[in-house]
Structures are given as structure tokens and as C-alpha cells.
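Chemist: One structure, as C-alpha cells, below. Some questions next.
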Amino acid sequence: MVKNILFVLSLILISCQGISQKTKEKENKDEYKISKTDKEWRAELTDMQYYILRKAGTETAGSSELLDNKKEGTYVCAACETPLFKSSYKYDSGSGWPSFDREIKGNVAFDVDYKIGYERTEEHCATCGGHLGHVFNDGPHKTTGKRHCINGAALKFIPSE
């Protein structure tokens, strides 16, 4: 009887997959319009851009030059220049990262992230797959109620003409 219980427990443990394994499998299956090798991304991006966009890192709160930008224009992906957010969507969330109440539809993709122990909605560029940040449900209630908390190093700002 003990042998049967040990056998069943062994099967359960062997067949289990953690959340991180499922996320990794999904990442490998994603195909983007712009796809480059790790070496190519490293050559094209600054160290901070590479860390955030390709390794899903986070910049220090308050460190982005774009945090206090009030000019009119469009925020694009720093890796592939896909338009992601309009300046009219930007607001001061007090979080220390550039925040927007909505994205440019179709240019931002979403996934689930468990990296800090609980479920969050991750945002990435729908064209190149670069990590941007996360979206939360504590944004302005008068508009969408969303707070797209974005790493400034993942963005470039293109002013309106």
C-alpha cells in the first residue's frame, strides 16, 4: 500500500508544471512582425533599454526623462518605433513611471505575469514583443480607470509637428 501511495505521489510531482514554465513556453511560441536575435537587440539598444525591453526589467522610479514630459506627440516603442501611447492619454499617477489611461489599440499586447508572486497584467509591444510595463485598475475613474505604468526607457517620444 505504501509503495502505491509513493508511486502516485511521484507521478503527480513529475507531471506538475509551474506557472513560470507555462509562461516560458508561451514566450517561445510568440511570433512578432519584428524579430531579432539577442545579439542584434543588444547592438541596437542601450543597456537600460535592453534590460527593460528584452529582459522584462524595471527602471528606478522617478528616473525617466519622460516622466514629466508635457509636450504633445506620440510615445513609441524604443526598439521598433511602433506608436504605443498618445500624449493626450498621459497623466501624473504619482507612481514614478510614465502613466497612461489607455493604449493605442492593436499596438500593445497583454499577458499574465507572476514574477513577484501574484498575477499582474504585463504589457508588451505587439510588433516586437518588447516589455513595456504593467496595467492596473487604479487609473482615472473619469476616463478608463486604467493605469498603464510604463518604463520610460522602453519608450521614445515623437513630438507633434
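The values are calculated or read from the model by the stated rules, or taken from the named source; none is laboratory data. These numbers come from a predicted model, not from an experiment. As a convention, Cβ positions derive from the backbone with ideal geometry for all residues, glycine included, and neighbour counts pool all protein chains shown. Quick note on the areas: whole protein, heavy atoms, side chains included, nothing else; ligands and nucleic acids left out. Shrake-Rupley method; radii C 1.70, N 1.55, O 1.52, S 1.80 Å.
Chemist: Listed residues 153, 109; which is within 13 Å of the chain's Cα centre (by Cα) and crowded, with 20+ Cβ neighbours inside 10 Å?
Modeler: The conditions single out 153.
Chemist: Okay, next question. When residues of region 66-102 are filtered for being hydroxyl-bearing (Ser, Thr, Tyr), open to solvent by 10 Å² or more (accessible area, probe 1.4 Å) and assigned to a strand (DSSP E or B), how many remain?
Modeler: 2
Chemist: Continuing with this model, one more query. What are the residues in region 43-99 that are aliphatic (A, V, I, L, M) and on the phi > 0 side of the Ramachandran plot, if any?
Modeler: We begin by selecting, within region 43-99, every residue aliphatic (A, V, I, L, M); these are 43, 45, 48, 52-53, 56, 61, 66-67, 76, 78-79, 84.
Residue satisfying the conditions is 56 alone.
Chemist: Please verify whether region 112-128 includes one or more residues that are closer than 26 Å to residue 38 by Cα, open to solvent by less than 20 Å² (accessible area, probe 1.4 Å) and part of a loop (DSSP other than H, G, I, E, B).
Modeler: Looking for residues that are closer than 26 Å to residue 38 by Cα, open to solvent by less than 20 Å² (accessible area, probe 1.4 Å) and part of a loop (DSSP other than H, G, I, E, B), one finds at least one in region 112-128, hence yes.
Chemist: Can you tell me which residues in region 52-64 are surrounded by 13 or more Cβ atoms within 10 Å (Cβ to Cβ) and in contact with a Ser or Thr (Cβ under 9 Å, 6 or more places away or on another chain)?
Modeler: Matches in region 52-64: 52 only.
Chemist: Cβ contacts < 8 Å: first residue more than 17 Å from residue 145 (Cα to Cα) and of a type in the set (Phe, Trp, Tyr), restricted to region 102-116; second residue surrounded by 13 or more Cβ atoms within 10 Å (Cβ to Cβ) and at pLDDT below 95, any location; separation 6+ or different chain. Result?
Modeler: Hits for this filter: 114/23; 114/120.
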